[in-house]
Structures are given as structure tokens and as C-alpha cells.
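The values are calculated or read from the model by the stated rules, or taken from the named source; none is laboratory data. Computed from a predicted model, the values in this text were never measured in an experiment. When we count neighbours, we look across all protein chains shown, and the Cβ atoms used for this are built from the backbone with ideal geometry, even at glycine. Protein only, heavy atoms only, side chains kept; ligands, DNA and RNA dropped before computing areas. Shrake-Rupley method; radii C 1.70, N 1.55, O 1.52, S 1.80 Å.
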Amino acid sequence: MTPPLFQQSNARPGTNCVMKGGPEKSGKVRALARFCRKPLRQTQRNYMYQDIFTPARITANVGGREIILETGRLANQAQGAVWVQCGGTVVLVTVCAQELDSDKGFFPLTVEYSERMYAAGRIPGNFFRREIGRPSERETLVSRLIDRPIRPLFPKKGLNMEVQVLANVISADQENESDVLALTGASAAVMLSPLPFAGPVAGGRVGRIDGQFVLNPSYAQMSHSDLNLVFAASSDALTMVEGDALFVPEDVIIDALEWGRQQIQPLVEIQNSLRELAGKAKMPFEPVDDDPVLVAQVQELAEAAGLDAALRIPEKLARKDARAAVKNTVMEHLANDPAWAENGEALKAVPDILADQEKRLVRSRILNEGTRIDGRDTKTVRPIQIQTGVLPRTHGSAIFRRGETKALAVTTLGASSDEQRTDGLNGDVVRRFMLHYNFPPFSVGEVKAVRLSRREIGHGALAEKSLRPVIPSDDDFPFTVRVVSETVESNGSSSMAAVCGGTLSLMDAGVPVKAPVAGVAMGLIKDGDRFVVLTDILGDEDALGDMDFKIAGTADGITGIQMDIKITGLTTEIMRRAMQQAHDGRLHILSEMIKAIGEPRKELSRYAPQHAELFVNPDIIRLIIGPGGKNIKAITTATGASVDIDDSGRISIFAPSAEALEKAREMVSYYDQRPEVGKNYLAKVRKIMEIGAIVEVLPNVEALVHVSQLDVTRVAQPGDVAHLGEDMLVKVIEINGDRIRASRKAVLLEEQGHPWNPEETSRPNRSEKNERRGRNDRNARGDRNDKGRR
């Protein structure tokens, strides 16, 4: 049978266009090329690449759009590769794995999402003109969106392999979002690979326009949506949620997610179909179980060493020390036990065995007694303390403490030129409001390298999305706003502390937010059909529980949401319970925040930039800027102000002080002055003519000083009084449309004690009339002479 790789689809019927070992430049091939009436190179090209362009492809109609999954066209040397397409947006997702030399103690999964600028027909704007360096913030956030739902679906133990998932956007139509396509493609690629995987899952986005849910809305539709929920779901439950909303009620969020989960089921089904069509055989994998004898002994030793009592200590550091003491006691007993002393490999499992025992003890106590690690019930929020205005020179600051989690939030106001502009597939992205979240190692008493982590970027993005709906518009508050949340102490829910502290610092800075925003993190303990939802979880409850569900919003509705789970899925009943408890907890936190600061400060800090707006004629913008920016540079240098000019004529001035603001305003207004009749101006002589002099009374505003108005006595020649480039004090005596008349004579008469009479100078005197009559006569004679010559 002819191998597909060398089939010649363009040959005449009955012609065998096959060469063993591939096409060669031989007489036989040349004869074949002549017979097929095709050039040699094209025939050889068809021989070699026929199979590459016959990929396995499956499509599904989701939300009124066709989504394509195919494999076999590109990246065939990867363990799994999927081409995901919707409209003109294409994402290539690959998965590769390699064995590790030793167990790292965790599952080394790496997910990288990358946007190629050529996908949108653009060239990168950096110096090197290529996609290099660290990922953008969007790329990092989408990488997290992909990582979070697929990581729990890999085996927790025993898979001694390093796994890398790469998602590259290679075509972008600026209509269909690539992030949810990449999420679905990552699941499909792993499904095709030999790796053990408890998938599939699919990704989707839900918007709401005019009260109607929309699946995977376009960029244009999203501008009219009050909901933006990105989620991942399996065939029967949600596995990840991330999004923001404009004060949307909890019930709407729940309905949207359940509706979206049902709508994307075709994407789950076609992944199974693609697996059957083109998937590779799964590698043999047996979960690794700990030695039951060792497990029993460790449990007995830990119980005797007081593990249960250690897990009832409310304070985090004291509890950590007590747990460490239990671990040391167990390890010491095992090291002195001849049965285990020489078995170093077995003893490596002791920390994991202890962690499993701690998990069982804590979860059992919560399920059976309703008591948590720090003694709270399942619905109580930890004690809250708030202090505002703590930093003397910042524009706004606040400390928000909830239990053993404490955040220092600082707000800084800047000019419109301080906006962040980033390069993206859809053009430049401008951010007028930014929130940055920092998590230094001292916040948990550890020593680590200080660098910006993906977790910090993700937590900052969630807090920013939660606060953005309450930030005033540019027309109401033209400042650029940056909030930094420094996590100075942490024991769970530090991202929600950033939301609460950020709100307080904004209000302390005098930013007129629409309403205060608070956030709370919810947890879950589930055992079979039994479950308990926890309000305001600790760090240990996050590690030992099944869910981390962060919900932020105002008293009117939700503005930000994020959910990660460690079990196979989350039912609607659990989500509804979590939403209700979060609503109650959020209202309690808001009440405490309002006690500390009831409304935004009426005035900005004296250290904040001073702002003023001017509206000028757009025609004089070029004068304000000056040649090569000379004038605008002079203004900023003299005042220290930032001057932002819009083409419409709107000018925003941001100055470091009130004095600098007033000086900058005067310097800008100088170029937009309009002359007034009866007002004196120090003008500059620009042109000397037979009838008088043209002077510039204001920037780009010229007036005629007639020869009769140059002096109190008769002037024979204008050049006797007016000298080109020199200054001349004149009075504007008439404005008739664009024609302006000025008088030096009126100024001199005033200096001699004769007040200016508008009626005298507003009418042309006899000499002006004679001059005008003479000029008309000369023009008439010139016209007659021209006719004669013709």
C-alpha cells in the first residue's frame, strides 16, 4: 500500500507517482513530472508534504460561532499539539514532558501563554522589534488562567516528569478573544498526549448585554457588557472562575456561570472525540501509595507528640512552631528505630504523611464540630482594625488589618501623562488606574529572593478589577491613580486585604469613589455529600481545604470574583451557599470600613498635584507648543508642571503647588489672549509699510498702526518712528472682525494728560482718508493701464 507521505494527488488517474525512499532527481521522476504536466519542483513538493496538510480536525458550534480543534498540521514532535481556531483567531497549544532525575517534591508544571505581534499584523514596539524578555502582564494573567484549571487534573504524586504547556497566539482577528481558546487548547493538547490527565475541561467567557447572557462576546460586545466572567468547566461542574462585573447581584453571577457551563459542553465532547481520532496511547501510571506500616507508625507518634493540640493554637507562628516540634519528634523516633533508621527513602515520605494527617484532623473537626483552627465558627470574620492617613508625605494611605493579615495601602495621584501604555494585539492599551500588589518574604517570616512573582501580578489584577468600577471618570477626576498594597503580615486573604486597604487609601487621598469596596475569601471542606463553606479563611485553611473563592464588591453588588478549586468540580448548590455567606461577610467588613472613614476627603493632600483645565482655540496649539516644543518646554521648566494638550483644545495642567499651577496657567493663557479695545499692549514691530506699521500685539495677533497714529505730530515716513523688531507701546483702538487697528499716538496723548476718546480714533482722520483715496486712485489707474496693454 502506498504510504500517504508520497501520494501524488495531482497525477492522472491510474498513474503511480510513488518512489521508495522518497522523491529523487532521477530520470524516472523527470519523466513522471512531464507525464503529470507539472514542474519538477512542484511534483517533488507534493510528494514530500502531502501528509502534513491533512490534519485531524473536529469542529463545534458554540455561542453561534464555529470553533475548530485540529492536530497533525504543526508541532508533530510535541507529545500533544492542538490548533484552536475561532474566526480569524488561532492559538497553537503544545505540551511536552521529560523525566526528572530526582523527585522535586512538587509537580513541575509550567504554562506559558505568548502573543505573537505578527498575529495582528503588527511589529513589536520595543528596541529589538521582537517578542523577547519577560512576558507582559496580560500574558502572565492568561498563563495563570490556563494553569489553574488543569493543574489539579494531573496526579498529585508519582508523576516524576517535568511538563511544559505552551500556548502561542499566531493569528488574531481583533474580534474573538484568544484566552479562552488557549485554555481549551491546553486541555485538548494534554488529552492527546501520553500523560495521565483527569480531563477534559473547556474555557468560556460570559457577558451580559441588556440583561441577556452572551457566550464568548466579541471585543465590541464587551464594551456594552456589565459582566465579564472567564471560567473553566468539565462535563458536570465548574473548575475555575475569574472575572469582574459592574455591581451585579450574586444570583446573576450564579445563573451566568451555570448557563455558560452548559453552553460549552460541545467543547468538552469534541476533545474526547479528537482523543479517539488522533490521541496517543497513555503511558502506564500507577499512583504511589505510602507504606501503610510507616503511615500507621507516623500517625501514632504524631498523636502522642500532640499534633491535635498543635492544630488548635490560634496564633500562626506559635502553631507553626508547635507543628515543627511534632515533626522533629516523629523524625527523631523513626531515626532511632532500627526498622526505619537505614531506610532513608521511606523517611522522605514522613513530611507528606504528617501533612495528610493534619489535613484529616482539621477537616474532621470542621465537619463534625463546626470549629476552625483559630476557634471561630464557619461564618465569622476575623477582628478588623483600620487606620488612615498613616504616611505623612503620601497622597493617601491606610492600614487594614483582619486577624493576622495586614496590608499597608498607598494611593498616588499623577498627571494624565503618567498613564500606562502597553503594546498589545489590539493596539496600545492605556491604563489610568493601576493597583500593584506586593508580597515581600518578611510578611510570612521567610527568607526568599525578592522578585515580582506571577502570584503578585495575579492578586494585583484581581484587586484592580474589583476597584475599577468605582473609580471616577476622567471628566470628573482627571488624575492618573496608582494604588500599591504592601502585604506586611499575611495569614490568608491578603488579596482581599488589598481591596479593602486600597479603598480606604483612595478615600483618604480624596478620590471621589462611587462607593467603598470590600472583599472576602471563602473556603470549602467537602467529604462526599457533606460540605461546609468557610468565611474569611486562614492560610492553613486555604492549604488544607478544597476551594479558594474570592469575592469583592460594594453593598449593591459584585465587582470582582476569582475561584480556584482542588476537587474535580463545584456544584451550583455549593456556589450559592458560598455567595450568600460572602455577601454577609462583605457587608460586615464594609460597616467597619465606614466607621473608619465614611466618605472621601473633601480636599486632596497638599502634596498631591494641583490641577487646572483650560480650553483654547485649537488653532493656537502650535503656538503653545512652539517650534520643536520650545514653548511647552519653557513652561514645564519654569514651573515644574506637566502640561497635557488635546487636539480639541483642552489643556490639562498638573503642577506640584498652587503657585506653580497659577504661573503655568498664565504662561499657557499668554498664547490664547484676545485683544481688547482701549487696552495698551507692548507690541513688536513686524513689518513697515508706506501706510504705517504692522505690529504683533499678542502672539499670532497683528494690528495696523497707521502712519497718522504713530505720533502726535505728522510723520513723513513710518520708518522714522517704527523700527523693525523693536517694541512699541500701542493702544488697540478698533476691532472689526479680523482687522485690528492700534495707535501709538493715543498712548502718547494719555501720557501728556489727554484721555483717549474712542470716537476720535475709531473714525479714520483726514490723512487716512486721503491716503485711502490715493491708494484707490492708483489701483484704478493700474487697472486701466493693464486693459490698454491687453
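Checked against (1) buried (at least 17 other Cβ atoms within 10 Å of the Cβ); (2) more than 25 Å from the chain's Cα centre (by Cα); (3) outside any strand (DSSP E or B), ARG401 meets all criteria but (3).
If you check VAL513 against the conditions, is it open to solvent by 10 Å² or more (accessible area, probe 1.4 Å) and farther than 24 Å from ARG372 by Cα?
For VAL513, the condition - open to solvent by 10 Å² or more (accessible area, probe 1.4 Å) and farther than 24 Å from ARG372 by Cα - is met.
Checked against the criteria, LEU710 counts as in contact (Cβ under 8 Å) with a residue 12 or more places away in the chain, of a type outside the set (Phe, Trp, Tyr) and farther than 15 Å from VAL677 by Cβ. Looking at the structure I just gave you, is VAL677 buried (at least 20 other Cβ atoms within 10 Å of the Cβ) and in a loop (DSSP other than H, G, I, E, B)? No.
Any chance you could count how many residues in the stretch 536-588 are surrounded by 22 or more Cβ atoms within 10 Å (Cβ to Cβ), closer than 29 Å to THR388 by Cα and aliphatic (A, V, I, L, M)? Total satisfying the criteria: 7. Filtering the stretch 204-211 for residues that are under 14 Å from GLN263 (Cα atoms), touching a helix residue (DSSP H, G or I) at 6+ places or on another chain (Cβ under 6 Å) and open to solvent by 20 Å² or more (accessible area, probe 1.4 Å) leaves an empty set.
Note on the stretch 608-625: among residues that are more than 28 Å from the chain's Cα centre (by Cα) and touching a residue at least 60 places away in the same chain (Cβ under 8 Å), the one that is surrounded by the fewest Cβ atoms within 10 Å (Cβ to Cβ) is GLU613. Counting only strands (runs of 3 or more DSSP E) that sit wholly inside the stretch 416-479, those with at least 1 residues that are within 16 Å of the chain's Cα centre (by Cα), surrounded by fewer than 17 Cβ atoms within 10 Å (Cβ to Cβ) and among the basic types (Lys, Arg) are 420-422, 429-431. Please determine whether any residue of the stretch 123-133 is surrounded by fewer than 20 Cβ atoms within 10 Å (Cβ to Cβ), in contact (Cβ under 8 Å) with a residue 24 or more places away in the chain and not in a loop (DSSP other than H, G, I, E, B). Scanning the stretch 123-133, I find no residue that is surrounded by fewer than 20 Cβ atoms within 10 Å (Cβ to Cβ), in contact (Cβ under 8 Å) with a residue 24 or more places away in the chain and not in a loop (DSSP other than H, G, I, E, B), so the answer is no. Every listed requirement among (1) touching a residue at least 24 places away in the same chain (Cβ under 8 Å); (2) closer than 21 Å to GLY585 by Cβ is met by SER397 save one, (2).
Can you find, within the stretch 165-203, the residue that is surrounded by the fewest Cβ atoms within 10 Å (Cβ to Cβ) among those that are over 30 Å from GLU286 (Cα atoms) and among the β-branched types (Val, Ile, Thr)? Per the stated criteria, the residue is ILE170.
For the stretch 639-668, filtered to residues that are among the aliphatic types (A, V, I, L, M) and open to solvent by 50 Å² or more (accessible area, probe 1.4 Å), the residue that is farthest from LEU698 (Cα to Cα) is ALA658. On the given criteria, is ALA683 small (Gly, Ala, Ser), closer than 30 Å to VAL721 by Cα, surrounded by 14 or more Cβ atoms within 10 Å (Cβ to Cβ) and in contact (Cβ under 8 Å) with a residue 24 or more places away in the chain? The answer is yes for ALA683.
So if I check each of LYS731, LYS745, LYS787, which one is at pLDDT 50 or above, assigned to a helix (DSSP H, G or I) and of a type in the set (Lys, Arg)?
Going through LYS731, LYS745, LYS787 in turn, the sole match is LYS745.
Summed over the stretch 145-164, the residues that are open to solvent by 40 Å² or more (accessible area, probe 1.4 Å) and either at negative phi or in contact with a Leu (Cβ under 7 Å, 6 or more places away or on another chain) (or both) give a count of 7. Candidates ASP556, ASP540, ASP584: the one that is under 30 Å from TRP259 (Cβ atoms), of a type outside the set (A, V, I, L, M, F, W, C) and not in a loop (DSSP other than H, G, I, E, B) is ASP584.
Scanning the stretch 134-145 for residues that are assigned to a loop (DSSP other than H, G, I, E, B) and hydroxyl-bearing (Ser, Thr, Tyr) turns up just one, SER136.
Taking the stretch 521-537, which residues are acidic (Asp, Glu) and under 28 Å from the mean Cα position of the chain (by Cα)? Correct list: ASP536 only. Filter the stretch 332-371 for residues that are of a type in the set (A, V, I, L, M, F, W, C) and open to solvent by 50 Å² or more (accessible area, probe 1.4 Å); which is nearest to ALA310 (Cα to Cα)? For the stretch 332-371, the residue satisfying everything is LEU361. Consider the stretch 228-248 and keep the residues that are under 19 Å from PRO469 (Cβ atoms) and out of contact with any Asp or Glu (no Cβ under 8 Å at 6 or more places or on another chain). The one that is most open to solvent (accessible area, probe 1.4 Å) is ASP244.
Restricting the stretch 310-331 to residues that are among the hydrophobic types (A, V, I, L, M, F, W, C) and more than 45 Å from the chain's Cα centre (by Cα), which is least open to solvent (accessible area, probe 1.4 Å)? Out of the qualifying residues, it is VAL330. Taking the criterion of being β-branched (Val, Ile, Thr) and within 27 Å of ASN216 (Cα to Cα), the residues of the stretch 73-126 that qualify are VAL82, VAL84, THR89, VAL90, VAL91, VAL93, THR94, VAL95, THR110, VAL111. Residues of the stretch 481-509 that are touching a Lys or Arg at 6+ places or on another chain (Cβ under 7 Å), open to solvent by 10 Å² or more (accessible area, probe 1.4 Å) and either farther than 26 Å from LYS316 by Cα or not in a loop (DSSP other than H, G, I, E, B) (or both): VAL488, GLU489, ASP508.
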